[in-house]
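The values are calculated or read from the model by the stated rules, or taken from the named source; none is laboratory data. As the structure is a computational prediction, the values presented were derived from the model and not from experiment. Cβ atoms come from the backbone with ideal geometry, glycine included; neighbour counts cover every protein chain shown. With ligands, DNA and RNA removed, areas are computed over all heavy atoms of the protein, side chains included. Shrake-Rupley method; radii C 1.70, N 1.55, O 1.52, S 1.80 Å.
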Amino acid sequence: TGVDETGVFGITCDHGFPLAFLDMKTRGEKFEYVLSTLAKVVQHPLYDERIRIMYDVGCKIGPAVQNTPCLQAINDAPIAVGIFHITGHTPDCQVKYHPRLTIGYGLKDGE
């Protein structure tokens, strides 16, 4: 007695406007959801090179983005971990991916 969708995964712009959403069909968040929605954003006519990625496990998503052919345009995009999730990461990860320490994120929470 399951349901067809287990959740929704989405990407917004800096202003909080929705850019891409998809139905989650499995339990838990998977990189496929991030990569698929990023691909939709990159294909959008208003997309430009100012894209920044902030994700709960942003520290792990970089190699997946680099190994996804349709995302080659954003291989060098800055990546951060959301402010509420960064505290659960290792000190090295916090220094590298904290949004307050990563250029371009300002005071964005990423949540």
Query - Percent breakdown of C-alpha pair distances by 5 Å bin, ordered from the shortest bin, for the stretch 26-80 - result: 4, 20, 34, 27, 12, 4, 1
Query - Measure of compaction for the chain (Cα Rg per 2.2 N^0.38 Å) - result: 1.07
Report task. Could you list the trypsin sites (Lys or Arg not before Pro) in the stretch 25-74 that lie in coil according to DSSP, counting only those with at most 15 other Cβ atoms within 10 Å of their Cβ? Result -> Lys25, Arg27, Lys30, Arg50
Query raised in the report: Roughly to the nearest percent, how much of the accessible area of the chain is carbon and sulfur, given a 1.4 Å probe?
Result: 55 percent
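Just the number, please: percent antiparallel of the DSSP beta bridges in the stretch 5-100, rounded to the nearest 5.
75 percent
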Report summary line: The answer for chymotrypsin sites (Phe, Trp or Tyr not before Pro) in the stretch 41-111 that fall in a DSSP coil and have at most 12 neighbouring Cβ atoms within 10 Å is Phe84
**Report entry** Under-5 Å amide H pairs with Met24, H placed in peptide plane, nonlocal only
**Finding:** Thr6, Gly7, Val8, Phe9
**Report entry** Hydrodynamic radius (Kirkwood) for the stretch 46-111, which is based on Cα pairs only, to one decimal in Å
**Finding:** 12.1 Å
